[in-house]
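What follows is a set of notes on a single structure, which appears directly below.
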Amino acid sequence: MKKLNLQTAIIGLVVGWLLVFVFMPNLMIIITSFLTRDDANLIEMTFTLSNYAKLLDPLYAKVVWHSFYMAAIATLICLLIGYPFAFIIARMPKRMRPLMLFLVIVPFWTNSLIRTYGLKIFLGTRGLLNESLMWLGVIERPIRIMYTEYAVMIGLVYILLPFMILPLYSSIEKLDNAYLEAARDLGANTVQRFIRVILPLTTPGIIAGSLLVLLPALGMFYVSDLLGGAKNLLIGNVIKSQILNVRDWPFGSAASISLTVLMGLMLFAYWRVGKWMNRKETLA
């Protein structure tokens, strides 16, 4: 009886926490997104769909497209770097794997904002990167990296790369060597084994890692603010500026809800693909 009461209390505490700090704030944002801006009281209790229609304005549509472009390129770079990195870790002796995974996770111990400030110093005109390249004789004068798309891309990849490596490692580590041996016995070379065996079997890890990088990359406004300047905005920058600077809470809420819905659709697509692949494996 005591165990049941304790279990009920814990479940009630968790549900209450989610209701107060997750459900209610999101419900307030959803309601606000359908209201009208008021200069005196922030919002006016007048229903409207203009906040969502405003997202189709060429100015904001350009920012949305630029955000997807930057996030997609950052995801692709993380995949190209993370896949061989995860593959090497998965093929290391078992006693070495925990250490390598620990080194991948260590950056999470430091706040990403602090790491972005450190990257800002590293990429500066007189930063460590330029000084090292000039010392090696690669360049004669400092190159301008800060406040460009390249700086934002470097920042996104630097912060989000572990989110790509960990799902890929989990997927590659579970790979059955019997499939590779069978492919080798059938005459498949290294490239054929990778394309026809390894890549399809690790697709869930690729999709999961891509989503874990793509979705946060769309909203990391502080990376764009610190490294990209005003010309390299992400959706997160629009939401932040509308809420804090312009004080247009309804439009900022509409942009936030649209981004959340988009993320939900991507996660639903991932779930459907995973379900389809599991059904395919069961039938095979």
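The values are calculated or read from the model by the stated rules, or taken from the named source; none is laboratory data. Just so it is clear, the structure is predicted and the values come from calculations on it, not from any experiment. Ideal geometry is used to build each Cβ from the backbone, glycine not excepted, and the neighbour counts take in all protein chains shown. Protein only, heavy atoms only, side chains kept; ligands, DNA and RNA dropped before computing areas. Shrake-Rupley method; radii C 1.70, N 1.55, O 1.52, S 1.80 Å.
I'd like to verify a number: residues in the stretch 103-130 that are charged (D, E, K, R) and either crowded, with 17+ Cβ neighbours inside 10 Å or within 21 Å of PHE221 (Cα to Cα) (or both), how many?
Filtering the stretch 103-130 down to residues charged (D, E, K, R) leaves 115, 120, 126.
With either crowded, with 17+ Cβ neighbours inside 10 Å or within 21 Å of PHE221 (Cα to Cα) (or both) added as a condition, the list becomes 115, 120.
Final tally of qualifying residues: 2.
Check ILE81, ILE77, ILE73, ILE30 and return the single one that is in a helix (DSSP H, G or I), touching an Asp or Glu at 6+ places or on another chain (Cβ under 9 Å) and surrounded by 14 or more Cβ atoms within 10 Å (Cβ to Cβ).
Matching residue, one of ILE81, ILE77, ILE73, ILE30: ILE73.
Here is a check on your reading of the model: is TYR150 within 30 Å of LYS120 (Cβ to Cβ) and either open to solvent by 10 Å² or more (accessible area, probe 1.4 Å) or not in a helix (DSSP H, G or I) (or both)?
yes
Just the residues that are open to solvent by 20 Å² or more (accessible area, probe 1.4 Å), in a helix (DSSP H, G or I) and either in contact (Cβ under 8 Å) with a residue 60 or more places away in the chain or closer than 17 Å to GLY274 by Cβ (or both), please, taken from the stretch 172-207.
GLU173, LEU199, PRO200, LEU201, THR203, PRO204, ILE206, ILE207
Quick one: MET100 ticks every box in (1) over 23 Å from PRO216 (Cα atoms); (2) touching a residue at least 12 places away in the same chain (Cβ under 8 Å); (3) crowded, with 16+ Cβ neighbours inside 10 Å bar one, so which box is it?
Only one criterion is unmet by MET100, namely (2).
Just to verify a result, which residue in the stretch 34-49, among those that are open to solvent by less than 90 Å² (accessible area, probe 1.4 Å), of a type outside the set (A, V, I, L, M, F, W, C) and over 11 Å from ASP248 (Cβ atoms), is modelled with the highest pLDDT?
Only one residue tops the list, namely THR48.
Just give me the residues in the stretch 184-242 being of a type in the set (Lys, Arg) and more than 24 Å from the chain's Cα centre (by Cα), in sequence order.
Selection gives ARG184, ARG193, ARG196.
Inspect the stretch 245-252 for any residue being assigned to a helix (DSSP H, G or I) and among the aliphatic types (A, V, I, L, M) and give the result as yes or no.
No; the residues of the stretch 245-252 include none that is assigned to a helix (DSSP H, G or I) and among the aliphatic types (A, V, I, L, M).
Please go through the stretch 84-97 and pick out each residue that is surrounded by 12 or more Cβ atoms within 10 Å (Cβ to Cβ) and over 21 Å from PHE194 (Cα atoms).
Residue satisfying the conditions is ARG97 alone.
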